[in-house]
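Since the structure comes first, as structure tokens, the remarks are kept for the end.
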Amino acid sequence: MKKEHIKEIFEKYKNGQTSLEEEQFLFKNASADLKFPLLEWINFEKKNKKQITDDFNERLWLSFEKKTQPKTRLLRRVLIAAASIVLLFTFYIKNKQENTQSLWEKEALLMEAKSMFSEIEQNTNREIIFDSDLVTIYASKE
């Protein structure tokens, strides 16, 4: 009876008409004395079938997270470094542009400042206290 039932299920299986429960029953109860073409496949599957552990889902999700996190961390670090370099470069260029007056511009500003004073004021009652390349300090003799 059991062999006939298994043969009926196998015929249904060949025609693609079995349910999942019938296929599982067929794979569990297949024996060498029945001799049908899938017997070798069923034996191979029985020998090589691995059991799924209870924490399979957790381990799977952890492996996904590990594969995605380092890329985002590295990308974030690279973007922060690039933004810092751009910011420092911008400050350097701006500072360099503000401090780069040509010698002629400086001399023109000095001449303009000197022209605001009359010649008489410049030479009368003044004594040089300190003189350097950048600063000259005068004191009046009064």
Over the Cα atoms of region 2-48, what is the Rg over Rh ratio if Rh follows Kirkwood?
0.93
Using only the alpha-carbon atoms of region 54-100, report the extent along each of the three principal axes, biggest first, to the nearest angstrom.
71, 8, 5
Extended-chain gain in nm, criterion 0.36 nm per residue less alpha-carbon gap, Glu107 and Ile85:
4.4 nm
How far, in nm, would the chain grow between Thr72 and Gln17 when pulled straight, counting 0.36 nm per residue and subtracting the alpha carbon separation?
14.9 nm
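Just so you know, all these numbers are worked out from the coordinates, no wet-lab data involved. All values derive from a computational prediction rather than experimental measurement.
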